[in-house]
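Note sheet for the following structure.
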Amino acid sequence: MITFDNVTKSFGSIKVLDGVSLEVKDGEFVFLTGPTGAGKTTILKMILREILPDSGKVIFDSKNVTEIPVKEIPQLRQQMGIVFQDFKVLLERTVTENVEVALAVSDVAQEEWEKRVKHVLKLVGLSNRAKLFPSQLSGGELQRVSLARALVINPKLILADEPTGNLDWKTAEGIMDLLEKINKEGKTIVMATHHEGIIKHGKHRIIHLEDGKIKQI
Amino acid sequence: MSIHTKTAVDAIKRSPFQAISAIFVLALTFFVATTVSILVFSSNELLSYFETRPQIISFIKNETGSEAIIALQNKLVLDARVKDVKYVPKEQALEIYKKATEDNPLLAELVSPSIFPASLEFSVTDLKLAEEVINEVKNEAIVEQVGFTANIGGEKSLGDVVSRLKAISYYLRVGGIVFVGALAVTSFLVLLIIISMRMTSRKGEIEILSLIGATPAFIRSPILLEGIIYSLIGVISGWTLSFIFWLYVSPSLLSYFGAIPILPKEPLSFFLLFAAILGAEIIIGLAIAITGSLIAVKRSLKKAR
């Protein structure tokens, strides 16, 4: 599903990725690990086409992401669900509305919204929080909203950037259980983390980065 | 309610004072625009009224036979300096008098057609030729007297009246366009500033939407809708205020100007005139809103990149 072929990226004089080559297969759950600044988020941003590599190829679903025209970026992103460390939920919208936004963005028919939103909110355990605003939710609940928004569009791939970074261990475990469940349903998951406990949570492939290079797969 | 409409309405509710400022400026612009449009319309009607008035009236001597009158009429029709020749018999002259004095029927009862002379009314193609033509017509045997319509406001000739009206109409039009233009630019800038502020406050939301795959059109839609809502409310408020103002003053104006149709007297024509202005203003308002919003969105997204 994802292939990085000798990808290099520098920000000024700092080399963030140095000849990175990796592959993620359909239905896989892969951890991207490494210390801060190792290049984990850069890899996720390249898959999202938020940034372009200086050299090398990034292939997603048989398409070279680096060659996609700017106007086709939204369609590329609509095939992915994204979960962020800082949740990135819309503060002025209720839980339901936050999830509905993803459906509106992906142009899903409005008649389907209610059914889909109910389903994902049940999946992430937020059915009883549907009408609440983000300011009325805990950190774990906010991350579940972010996860529900990512899942509601039924994406091929879920990119999670330190989704447990702002959560206590118990809440983080809950989120991990959810991601495991989603992965078992056939979704491909690429998760960036430096949380040792989380990495040991499931027996998944680990891609360890250090100074922009892959040290261990 | 669509997600875009809801976002736009929520944005307005969150910052009501920004919304009020935009609507107030737009309403003021379109109040003035409607008022100036009516003033320009009225000045045009006034000008057209005087321009189409017969400039010269030759009163025919009593007991003149119709053949002689027709002969003079034909002579005038064939004269290249003369246009719009019209014969007004005694009966029609009486009718005109009655109509002019309909407020006081007693005046009409006291007269009979015999006291009104028949006349040949006509205009000249160029007012410079008026004196020459008048002198020639005065020498016609059947002509008792020649009148030259003018002497309004002390002007020496109708030409002066028309020239003065043309000047007033011109200055009204130019002044109106400049004033309304300045207000339209102000509205445009206010809208631009408010939409830019809105974009800044929505920066985080725009970033999230972009990351989850929102197209630029999706991001733009609520902002455009917001501009359109301001614009429509502004146009309708300004137009309604001006409409009420003209409804209030039109009876006095129509009575003051009498036979001069500075405003449509028929209610339907009056409403149609205002409806046409509203239609034009909605188009202009939407153009201001869409252009202003698009520029603000483009600038903000460019800055955000």
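The values are calculated or read from the model by the stated rules, or taken from the named source; none is laboratory data. Keep in mind it's a predicted model, so treat the numbers as computed, not measured. Ideal geometry is used to build each Cβ from the backbone, glycine not excepted, and the neighbour counts take in all protein chains shown.
Sort through A:LEU123, A:LEU103 and tell me the only one that's at the interface with chain B (Cβ under 10 Å from one of its Cβ atoms) and not hydroxyl-bearing (Ser, Thr, Tyr). Step through it out loud before you land on a result.
Working: A:LEU123 fails: at the interface with chain B (Cβ under 10 Å from one of its Cβ atoms).
From the options A:LEU123, A:LEU103, the qualifying one is A:LEU103.
For the stretch B:263-282, does any single residue satisfy the condition of being touching a Gly at 6+ places or on another chain (Cβ under 8 Å) and either assigned to a loop (DSSP other than H, G, I, E, B) or assigned by TED's automatic domain parsing to the domain that holds B:PHE30 (or both)?
Checking the stretch B:263-282: at least one residue is touching a Gly at 6+ places or on another chain (Cβ under 8 Å) and either assigned to a loop (DSSP other than H, G, I, E, B) or assigned by TED's automatic domain parsing to the domain that holds B:PHE30 (or both).
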Exercise. Do we have B:SER250 as more than 14 Å from chain A (Cβ to nearest Cβ), under 16 Å from the mean Cα position of the chain (by Cα) and either surrounded by 21 or more Cβ atoms within 10 Å (Cβ to Cβ) or assigned to a helix (DSSP H, G or I) (or both) here?
Worked result: yes
Seminar exercise, completed: Selection over the stretch A:4-37 where residues are surrounded by fewer than 17 Cβ atoms within 10 Å (Cβ to Cβ) and of a type in the set (Val, Ile, Thr) yields a count of 3
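So for the stretch A:39-49 (the condition being within 14 Å of chain B (Cβ to nearest Cβ), under 14 Å from A:VAL145 (Cα atoms), surrounded by 14 or more Cβ atoms within 10 Å (Cβ to Cβ) and among the hydroxyl-bearing types (Ser, Thr, Tyr)), does at least one residue qualify?
Start the filter on the stretch A:39-49 by keeping residues that are within 14 Å of chain B (Cβ to nearest Cβ), which leaves A:41, A:44-49.
Those left that are additionally under 14 Å from A:VAL145 (Cα atoms): none.
No - not one qualifying residue is present in the stretch A:39-49.
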Exercise. Limited to the stretch A:173-190, what total is found for residues that are farther than 21 Å from A:LYS25 by Cβ and within 15 Å of the chain's Cα centre (by Cα)?
Worked result: 2
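From A:LEU142, A:LEU151, A:LEU159, grab the single residue that is assigned to a helix (DSSP H, G or I), in contact (Cβ under 8 Å) with a residue 40 or more places away in the chain and closer than 22 Å to A:VAL30 by Cβ.
Details: A:LEU142 fails: closer than 22 Å to A:VAL30 by Cβ; A:LEU159 fails: assigned to a helix (DSSP H, G or I).
A:LEU151 is the lone residue from the list that is assigned to a helix (DSSP H, G or I), in contact (Cβ under 8 Å) with a residue 40 or more places away in the chain and closer than 22 Å to A:VAL30 by Cβ.
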Problem set entry | Residues within the stretch B:190-204 that are surrounded by fewer than 18 Cβ atoms within 10 Å (Cβ to Cβ) and within 14 Å of chain A (Cβ to nearest Cβ), tallied | 3
Seminar exercise, completed: For the stretch B:26-43 the number of residues that are among the aromatic types (Phe, Trp, Tyr) and touching a Gly at 6+ places or on another chain (Cβ under 6 Å) is 2
Exercise. Can you tell me which residue in the stretch A:106-116 is farthest from A:ILE153 (Cα to Cα), limited to those that are within 11 Å of chain B (Cβ to nearest Cβ) and in a loop (DSSP other than H, G, I, E, B)?
Worked result: A:ASP107
Exercise. So is B:ILE295 surrounded by fewer than 16 Cβ atoms within 10 Å (Cβ to Cβ) and not hydroxyl-bearing (Ser, Thr, Tyr) or not?
Worked result: yes
Problem set entry | Evaluation of B:ILE282 against (1) touching a residue at least 60 places away in the same chain (Cβ under 8 Å); (2) within 18 Å of the chain's Cα centre (by Cα) (one fails), failing number | (1)
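Could you go through the stretch A:75-86 and let me know if any residue there is surrounded by fewer than 19 Cβ atoms within 10 Å (Cβ to Cβ), modelled with pLDDT under 90, more than 17 Å from the chain's Cα centre (by Cα) and closer than 30 Å to A:ARG129 by Cβ.
Of all residues in the stretch A:75-86, those surrounded by fewer than 19 Cβ atoms within 10 Å (Cβ to Cβ) come to A:75-76, A:79, A:85-86.
Then keep just the ones that are modelled with pLDDT under 90; that gives A:85-86.
Narrowing further to those that are more than 17 Å from the chain's Cα centre (by Cα): none.
No, the conditions are met nowhere in the stretch A:75-86.
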For this session: With respect to A:SER146, determine if the residue is more than 30 Å from A:ASP168 (Cα to Cα), within 14 Å of chain B (Cβ to nearest Cβ) and among the polar types (S, T, N, Q).
Result: no
Exercise. For the subset of the stretch A:74-100 comprising residues that are of a type in the set (A, V, I, L, M) and more than 14 Å from B:ILE208 (Cα to Cα), which member is nearest to the other protein chains (Cβ to nearest Cβ)?
Worked result: A:LEU76
